[in-house]
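To keep things clear, I will list the structure first and then write my remarks on it.
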Amino acid sequence: MTGLNKPLICIGLLLLCLSPANGESTTHQYVMRYEVQTNGNALFLLESETRRRVIWTVNCRVPMQGCVARGQGILLWVDDAMGARLNSATGPGAKVSIDWNNRSRDQSGIFSKPLGREDVSRLSRSGTSLVIEENNFVTVRATTEGIDIVIDYLRWLKSNHARLARDARVWRHSENRVTQNLDSAVLERFRIATFQRGENPEILVPVHKPQIQFAIEGQKAENGADNSSDNCAGC
């Protein structure tokens, strides 16, 4: 074996040691998760089995009011007309584009008007980033995956339903929606709000409050009896 071949063998062994074992892939499958607090503050995360990345952080100026989502160098909020808006600290002449699947799409003017349906659709795709360049230098590269869910949450926070419930954990996408920490006052407000919206209030009844479950079941039975009487009015 010549001396010239020895370094090549060593490099080959090093690459073999660094390669994934047993056919494991270096790509990670991420899932969007949400952590919502009572006062409206929330985290929107991408999680895999081994990693956890915060994509959006929602902070409210006062509980459930004046809420803004912050990404990596960008801001997202909903105006009084329920239009979703993006902004970033950029100078004049900055180039804004959407990067997805190794393709770039110009998005000049995206900060000057509410996001359209197509804008939200493009930004929500897995692996999408909003890129801002100034003087041929990338100043912001923000992951925008899941922005549609964040917009839905911000719009809900401005709704009458949210103001009546006064607890952001009852947002319909919240993973904290079934919880042991909701007191009877919150449950009652949620029951009224969901009755107005035609939703099912049972999903928020905690297992340690059987009296509330009993009351709802009793109300269902009473409503069913009333309906039966109405149906048989002509019997």
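The values are calculated or read from the model by the stated rules, or taken from the named source; none is laboratory data. These numbers were taken from a predicted model, which means no experiment stands behind them. In this analysis, Cβ positions are derived from the backbone assuming ideal geometry, glycine residues included, and neighbour counts consider all displayed protein chains. In case anyone asks, the SASA skips ligands and DNA or RNA and just uses the protein heavy atoms, side chains included. Shrake-Rupley method; radii C 1.70, N 1.55, O 1.52, S 1.80 Å.
Suppose we filter 38, 50 for residues that are at pLDDT below 95, in a loop (DSSP other than H, G, I, E, B) and in contact with a Pro (Cβ under 8 Å, 6 or more places away or on another chain); which single one remains?
Step by step, each of 38, 50 is checked, and only 38 is at pLDDT below 95, in a loop (DSSP other than H, G, I, E, B) and in contact with a Pro (Cβ under 8 Å, 6 or more places away or on another chain).
Name the single residue that is farthest from residue 81 (Cα to Cα) among those in region 97-144 being charged (D, E, K, R) and assigned to a loop (DSSP other than H, G, I, E, B).
125
Regarding region 117-135, can at least one residue be identified that is closer than 22 Å to residue 173 by Cβ and without any contact (Cβ under 8 Å) to a residue 12 or more places away in the chain?
yes
Among the numbered criteria (1) in contact with a Gly (Cβ under 9 Å, 6 or more places away or on another chain); (2) farther than 28 Å from residue 118 by Cβ, which single criterion is violated by residue 100?
Here residue 100 clears every test but (2).
Which of the residues belonging to region 77-136 are at pLDDT below 90, aliphatic (A, V, I, L, M) and either farther than 21 Å from residue 59 by Cα or crowded, with 18+ Cβ neighbours inside 10 Å (or both)?
94
For residue 8, all conditions in the list (1) open to solvent by 50 Å² or more (accessible area, probe 1.4 Å); (2) at pLDDT 95 or above hold save one; what is the number of the exception?
Among (1) open to solvent by 50 Å² or more (accessible area, probe 1.4 Å); (2) at pLDDT 95 or above, residue 8 violates only (2).
Hey, among the residues in region 81-97 that are under 22 Å from residue 152 (Cα atoms) and in contact (Cβ under 8 Å) with a residue 40 or more places away in the chain, which one's farthest from the chain's Cα centre (by Cα)?
Going through the qualifying residues, I end up with 88.
Looking only at region 107-114, decide whether some residue is under 23 Å from residue 68 (Cβ atoms), more than 19 Å from the chain's Cα centre (by Cα) and touching a residue at least 40 places away in the same chain (Cβ under 8 Å).
Checking region 107-114: not a single residue is under 23 Å from residue 68 (Cβ atoms), more than 19 Å from the chain's Cα centre (by Cα) and touching a residue at least 40 places away in the same chain (Cβ under 8 Å).
Suppose we keep only residues that are surrounded by fewer than 15 Cβ atoms within 10 Å (Cβ to Cβ) and of a type in the set (D, E, K, R) within region 48-76. Which one would you say is nearest to the chain's Cα centre (by Cα)?
By that ranking, first place goes to 53.
Out of region 70-95, which residues are part of a strand (DSSP E or B), more than 16 Å from residue 128 (Cβ to Cβ) and among the aliphatic types (A, V, I, L, M)?
75, 78
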